[in-house]
Amino acid sequence: MIRINLLPHREEARKARREQFYVLAGLISILGLVVIFAVFTLIEAQVEAQGRKNDFLKQEIALLDKQLDQIKRLREQTQALLARKQVIENLQRDRGETVHLLSELVRQVPEGVYLKSLRQDGLNVNISGYAQSNARVSALMRNIDGSSWMENPRLIETKAVVLGGRRVNEFGMDFTLSRVAVEEAAK
């Protein structure tokens, strides 16, 4: 019988498999590191790209905020100009109103009634004066109520006073101007 020693052959095969295992383990480790590096680099590139996009969006938002501020200021200026225009239109509309009021008062004040003050606040007018009798004050109220320019006369007070040695009635009265008549006269 021939005796062949197979131990060195088995030992060499084990050694070859061990070396092959270490080489494969090393290659797999290197491949794993390459994959991890590639994934890390890819993620880092995406984070940087998103950071650039965020910076761009922040710049655009800042520009839009500036534009919104400008729009807001323009709207405020527009509102201020419209308010001024409305005031001017109101003054334009009401400029002849005082003349018509005085002209109408001259026609409506009966004889024996003397006005000492006239105050206008918008469409509301307050007058005070002296009358020879209460009947004359009543006549003034009827005349104002019948006028197309004036309406809603309201007697505030009337009292007897002595003026220049004569007994007269002092009165205070409110009435309103008719806007329809004022607008028709302006046309």
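None of the figures in this text is laboratory data; all of them are computed from the coordinates on show. All values derive from a computational prediction rather than experimental measurement. Using ideal geometry, Cβ is built from the backbone for each residue, glycine included, and neighbour counts are taken over all protein chains shown.
Some notes on this structure:
- Backbone N atoms of the range 111-139 closer than 14 Å to the 7 Å Cα→Cβ label point of residue 166 belong to residues 111-115, 130-134, 136.
- Residue-span extension gain [residue 19 to residue 92] - 0.36 nm each, minus C-alpha spacing: 15.6 nm
- Along its first, second and third principal axes, ordered by size, the range 96-186 spans 44, 21, 19 Å in Cα coordinates.
- Spherically averaged projected area in nm², based on the convex hull that wraps the Cα atoms of the chain: 26.8 nm²
- Note on the chain: with a GNM built from Cα contacts shorter than 10 Å, the maximum mean-square fluctuation among 128, 29, 117 falls on 29.
- Using a simple spin-label model with pseudo-atoms 7 Å out from Cα toward Cβ, residue 29 and residue 120 lie 10.4 nm apart.
- Farthest toward positive dipole pole in the chain [+1 Lys/Arg, -1 Asp/Glu at C-beta], among 137, 155, 24: 24
- 15 Å tail of the calculated P(r), the range 1-94, as % of Cα pairs: 81 percent
- When the chain is treated as a Gaussian network with alpha carbon springs shorter than 10 Å, the biggest mean-square fluctuation among 172, 26, 164 belongs to 26.
- Both numbers refer to the Cα atoms of the range 51-132; Rg and Dmax are 27.7, 92 Å.
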